[in-house]
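The values are calculated or read from the model by the stated rules, or taken from the named source; none is laboratory data. Given the structure is predicted, the values throughout are model-derived calculations rather than measurements. Cβ: placed from backbone, ideal geometry, glycine included. Neighbour counts: every protein chain shown. What goes into the accessible areas is simple: the full protein's heavy atoms, side chains included, and nothing from ligands, DNA or RNA. Shrake-Rupley method; radii C 1.70, N 1.55, O 1.52, S 1.80 Å.
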Amino acid sequence: GKAYDEMIKHILASPDLSKWKYIMTMEDDNLPPADAHIRLLETIEWGKYDAVSGIYFTKGPVGLPMAYGDPKRFRETGVLEFAPRDIRQALSQGTVMEVNGIACGCALWRMDMFRELQPPWFVTVSDVIPEKGPMSMTQDLYFCQTAKRAGKTFAVDMRVRVGHLDIESGIVY
């Protein structure tokens, strides 16, 4: 989380970089298609979303989709959750799915979000709260939680299918 946070602070402090409209995050264990940046830009330019990511899966035998939480439930109940979504229909149709949270591995973000929201933006949370048991939250979902509560919107573009490389085994999920 600290590295992402420092990156955003650096960009916003730069006279040239601070003028950017978008920032794309790409992690070294992700294998995006060659046109990922174009497709994500098309989706975000439609104007409906503040950030959009490609679809990829967690590493390991379960392989959960990194498309988190149901925004309809959040709008109706105020309950903000980040359970992996059932993406089967959207994936088979190659559509865009609105979600509560996205991962940073292959994502395009509107810079205005970082100008409007106060830092820290990205924090990796790992705590143990006795009455709740072990809790953790990745830096990307931490940001999405804060941004979603501030009215920001997120989506996953199922046209952008990203491999998620396990560097030690060489397996791509």
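From Y49, Y68, which residue is surrounded by 15 or more Cβ atoms within 10 Å (Cβ to Cβ) and within 26 Å of S126 (Cα to Cα)?
Matching residue, one of Y49, Y68: Y68.
Please enumerate the residues belonging to the stretch 6-26 that are under 25 Å from G163 (Cα atoms) and open to solvent by less than 50 Å² (accessible area, probe 1.4 Å).
Within the stretch 6-26, Y22, I23, T25 meet the criteria.
State whether the residues of the stretch 46-69 include one that is part of a helix (DSSP H, G or I) and out of contact with any helix residue (DSSP H, G or I) (no Cβ under 9 Å at 6 or more places or on another chain).
Within the stretch 46-69, the subset part of a helix (DSSP H, G or I) is none.
No: zero hits.
Which one is nearest to the chain's Cα centre (by Cα), of the residues in the stretch 1-51 that are closer than 21 Å to T153 by Cα and charged (D, E, K, R)?
D50
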